[in-house]
Structures are given as structure tokens and as C-alpha cells.
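Student: Dropping a structure here in C-alpha cells format, bear with me for questions.
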Amino acid sequence: MTAKKILVMKFGGTSVETPDKIHQAAQRIKATFKKGYHVVAVVSAPGQMTDELISLAQEIVSNPDKRELDMLLATGEQVGIALLAMAIKARGIDAISLTGPQAGIVVDEFHTHARITHIRTSKLRQELHRGRVVIVAGFQGLNPREDVATLGRGGSDLTAVALSAVLKASHCDIFTDVRGIYTADPRLVPQARRIPRISYDEMLELASSGVQVMQPRSIEMAKKFNVPIRISHALDMQDTGSWIGEVKPMEEAVVTGLALDKNQVKVTLRDVMDRPGTAAELFTAIGQAQVNVDMIVQSAARGTTNDISFTVSREDLAPTLKILSSVQKKMRAGSVEKDPRVAKISIVGVGMKSHAGVAGKMFKVLADHRINIQMISTSEIKVSCIIAASQGKSALQLLHKAFFK
Ligand code: ADP
Ligand code: ASP
Ligand code: MG
């Protein structure tokens, strides 16, 4: 292949949701191509199509077969790539759309949250060499059974970063409906400020705490393969956006950003025997079902028993409850309770490592406004609290005011 630089440009669902936006994306790709880049565009399903396909499946059966669900969901991205390819060709630039499997993306067995194992780049390189813009369907790949599998919600970000890594792209450009990463979701906190540069570690904590703008696994991969990412607004060609990468400022901000996650459910197993091995048994069973547990709290023992509460994402509630009902019988534990009316609020910042009192300040702000903390978890650079969902938005705004004067 010629020594032209490769650029991966990813367009999210909102950036291809109307014919007009598809034309604007095509225009942007044409401009980049004309500057002399080999362009690989990664595209999501237009608008809310993935949600609509999930609802459609659930109208057929409440718990659809995962292989067939993947077959259905993968079609959303196919709509996006075909339409974008048409718009690019109409501008006199040769382009080809490829599904994830056609683009050589190989994934593992886990339907609906498959992991990319490797990418066979020969077809991609051939097409680029022919002078074509290559448009790849995000969020999907081919598994060892030769079935289509999807990469988990928001997985087009992962496709874009993985392709950037294997093709050694100069960076990965993510086009979305915001002008970068903000100190909090700008839809909820109008005063939020754009963060011009953010480290992989901080972005990973923010993404894992509910900042949906990037899928957490895509940041893990970007860090592993050192792929710089720029996030900017799809419709603003002048936007400088936010950069995610190795950032080493002379002094770190104590708090870089805040996140609100409304996708959590709290589950409690009451009256579990207080003896070694119970937590191991419970969480091993949950892990085997591929369910990720987020926060865990064990109450102080009352005599011989205690309660264990933890949070899982809403999608994982059904399999979690199924496991809990069998564990409950086996362990002769008490009732299983679920509370979907919770939200997780988090503050993230590398500077927390060297500044004491950040968690205390967070708890005080919440307490001063009578916001009860139900669970707490911390990492070196993050503090998260589970609170009532109804107080989530005001907690975010109050904490933003307290940490970003
Ligand atoms: P796409 O369809 O392009 O993949 P997403 O909906 O996944 O876009 O992510 C973009 C959205 O993320 C924005 O509309 C924004 O409201 C939301 N968001 C949440 N928190 C933040 C934040 N801290 N900074 C920027 N955007 C955020
Ligand atoms: N369309 C998929 C989703 O909505 C993947 C993506 O948009 O990144 O989750
Ligand atoms: Mg997204």
C-alpha cells in the first residue's frame, strides 16, 4: 500500500440519523480523502435503530435467543454503511461498504457482548489500495461458528479503535453530537465545560461510570495499543474537540469530571449465612453467567447472618435474578429484593491520588442537600455513590457547582 496515512473516522447513530446528516458525513469523508488520507469510516445504526430492533425482538419473545438477536441487531449498522457508501459514491469518490465479518473482524463466542480476538486486514488493505474509502459496520464481527455476533452496546467505538490499532492509523476520529468530553453531561449540566485533553485512565473511569460518549472497552483497547482518540461534533468541521491519550500535565486537576449512571439496579439477598465462602459462591455463579457486578456492600452480621447488596446493569437483571433464586435455595438465604429506582453518581480525577478530602467533600455536598447515600465504592481516582434515581440530576448539578466553581 502507498505510504499515505490512514485515518479511521467513526460516525455514531445520531450523526447518520437523517439523509441530510448522512450527506454531511459523506462530505466530511470526501474532504479528508482529498487531503490525501486513506479513509476507513466506521458507522453505527442510524438514530435509535438498535433500541427499536431490541423492542421488536421483545415483542416476539421476552427473552430472545442471543444468536438470533445478534443477527437482528447487526442489520442496524448495515443500514448505516450502505447509505453512507451511496452518499460518498454520489460525490464521485469510490467507496465500498463492508459488514464486520467482511472487514475481517473476528470475535469470540459470547453473543451480544463478544470480544474482538483479531482482525484479518487483507481485504481492508486491498480496498484502500484500490483508492476506495472503506466503510465498515461497527459493533459486529464473525465468531468461530461463522455466526455474526455483536460487541455490546456502544460497540462501534470499539470497532473504530480496534481498526485504528491494527491499521496503525494516525488517530481515531469519533464524530458525535457533542463537542467533546465535558466535565458532566452537557444535557444535564448546562454549565459543564469541555475537557481539551484527558488521560486514558480518567476517560476509562468516566466511561465505566456512565459517561456514554465512549464505550469503556474501547478506551481499554486504545490505552493498550496507544491509539490517540479525538471526539468532536459531526456537524462542525472547525471543532477542535477533546483528545484522549497519554496526558502528563505538570499538575493534575483534583476532579476532572462527573458521571451519572441511571442504568443500575440494586439487588439484595437477605439473611445469608455469615461464614467464609458465601460471597465467593454467590459471585462465582453470577460471573459464570457473564454478568458484571459493580458495587457490593455486605451489612454487619446480625447474629449468624447478614445481607449482601450489589448493583448490576438493567440488561443483566433477569439473568441475575435467575441465579439468585437458585443460590437462595442452595444457601437457604432469605428474600431477594430488587430496587431499580437508583442512580450511581461518580467523581473522577487523577489528582485525587495526592489530594485528601475529596470524598469527604462529595459526601458533605450530598448530605447538605439531604441526599442519602445507599452504597459507596472508591478507586484510586474515583468515588461513586448509589443514591435515589429521583435525586440523580440535582446531585450531579450540585456536585458540579461544588467542584467546578
Ligand atoms: P453516538 O450516537 O455518537 O455514539 P452517544 O449517544 O453514544 O453518541 O454519546 C454522546 C452523548 O453522550 C451526548 O449526547 C451527551 O449528552 C452524552 N454524554 C454524557 N456525559 C457526557 C460528557 N461528560 N461529555 C460529553 N457527552 C456526554
Ligand atoms: N448501534 C449500537 C448501539 O446502539 C452500537 C453503537 O451505536 O455503537 O449500541
Ligand atoms: Mg455511542
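Student: Among the residues that make up the stretch 264-274, is at least one of them within 16 Å of ligand 3 (Cβ to nearest atom), closer than 30 Å to residue 160 by Cα and either crowded, with 17+ Cβ neighbours inside 10 Å or within 24 Å of the chain's Cα centre (by Cα) (or both)?
Tutor: Checked the stretch 264-274: no residue is within 16 Å of ligand 3 (Cβ to nearest atom), closer than 30 Å to residue 160 by Cα and either crowded, with 17+ Cβ neighbours inside 10 Å or within 24 Å of the chain's Cα centre (by Cα) (or both).
Student: Take residue 81 and tell me if it is surrounded by fewer than 17 Cβ atoms within 10 Å (Cβ to Cβ) and at pLDDT 95 or above.
Tutor: When the stated conditions are applied, residue 81 does not pass them.
Student: What number goes with the only condition from (1) assigned to a helix (DSSP H, G or I); (2) more than 16 Å from ligand 1 (Cβ to nearest atom); (3) within 21 Å of residue 140 (Cβ to Cβ) that residue 79 does not pass?
Tutor: Condition (2) is where residue 79 drops out.
Student: Considering each of 93, 29, 22, 88 in turn, give the residue that is in contact with a helix residue (DSSP H, G or I) (Cβ under 7 Å, 6 or more places away or on another chain), at pLDDT 95 or above and assigned to a loop (DSSP other than H, G, I, E, B).
Tutor: 93
Student: Identify, from the list 54, 22, the residue that is of a type in the set (Val, Ile, Thr) and more than 24 Å from residue 108 (Cβ to Cβ).
Tutor: One residue alone meets the criteria, 22.
Student: Among the numbered criteria (1) at pLDDT 95 or above; (2) away from ligand 1 (no atom under 13 Å from the Cβ), which one does residue 109 miss?
Tutor: (1)
Student: Kindly provide the set of residues from the stretch 143-193 that are over 23 Å from residue 389 (Cβ atoms), hydroxyl-bearing (Ser, Thr, Tyr) and away from ligand 2 (no atom under 16 Å from the Cβ), ordered by number.
Tutor: 170
Student: Identify all residues within the stretch 121-153 that are in a helix (DSSP H, G or I), buried (at least 20 other Cβ atoms within 10 Å of the Cβ) and over 26 Å from the mean Cα position of the chain (by Cα); write none if there are none.
Tutor: Those that are in a helix (DSSP H, G or I), buried (at least 20 other Cβ atoms within 10 Å of the Cβ) and over 26 Å from the mean Cα position of the chain (by Cα): 127, 128.
Student: Here is a follow-up. Listed residues 259, 253; which is at pLDDT below 90, in contact with a helix residue (DSSP H, G or I) (Cβ under 8 Å, 6 or more places away or on another chain) and not in a helix (DSSP H, G or I)?
Tutor: Exactly one of 259, 253 is at pLDDT below 90, in contact with a helix residue (DSSP H, G or I) (Cβ under 8 Å, 6 or more places away or on another chain) and not in a helix (DSSP H, G or I), namely 253.
Student: Starting from the stretch 111-127, keep only residues that are within 17 Å of residue 221 (Cβ to Cβ), then list their pairs with residues that are part of a helix (DSSP H, G or I) whose Cβ atoms are within a distance under 6 Å, requiring at least 6 positions of separation or different chains.
Tutor: What qualifies is 116/162; 119/166; 121/166.
The values are calculated or read from the model by the stated rules, or taken from the named source; none is laboratory data. Model, not experiment: these values are computed from the prediction. Every residue, glycine among them, receives a Cβ derived from its backbone with ideal geometry; neighbour counts consider all protein chains shown.
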